[in-house]
Amino acid sequence: MKYLKLTPEQKAAYLADSGRCPYCGEEGVEGAEVECEGDKHYQNINCNACGRDWVDVYTLSEIEEGENACDVCGEIIKEGEEVEANDYAGFTHAECLPAYEDQDSDEGFLEG
C-alpha cells in the first residue's frame with residue numbers, strides 16, 4: 001500500500017460530504033474537541049476504518065440571529081418594538097417595564 005496525499009478532487013468531495021473519510025470514503029470519522037485560534041477553529045479528525053488522521057479547519061461563513069423573548073411576558077420581541085435592556089442582559093418590552101420593575105420590590109413580582 002502506498003501512502004498518498006489527498007488530491008484536489010478528494011478534498012472537494014470531503015468538503016461536500018464531511019461524514020465520510022476523504023482517504024477511504026468510509027463512514028465512521030470521529031472528531032476531537034474543537035480548538036480556537038484567532039478567527040479559525042481546528043478539529044483533529046480520525047477515520048476508524050483506515051486509521052488516517054487530518055485536521056478540519058473552520059471559518060465563520062454566516063451569522064444567524066437568534067430570537068429574544070421579553071423577560072416579563074415571554075413573547076418574542078419583533079423588529080422595531082420598543083424595548084429596554086435589563087440588569088440580566090435580557091430585554092423587556094417598554095409596555096412591560098412597570099411589571100419588570102416590580103420584580104425587585106418587596107411585594108413580589110406581579111402580585112396584586
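Throughout, read-outs are computed from the coordinates displayed, never taken from laboratory work. Nothing here was measured: the structure is a model prediction, and the numbers come from that model. Methodologically, a virtual Cβ is constructed for each residue, glycine included, from the backbone with ideal geometry; neighbour enumeration extends over all protein chains shown.
For a paramagnetic label modelled at 7 Å from the Cα of T59 toward its Cβ, which residues of segment 26-47 fall within the zone defined by backbone nitrogen distances under 18 Å? Backbone N within reach: 35-43. Charge tally around E26: other residues with Cβ under 15 Å, Lys/Arg +1 each, Asp/Glu -1 each, net -2. For segment 1-47, the convex hull spanned by the alpha carbon atoms encloses 101 Å³ per residue.
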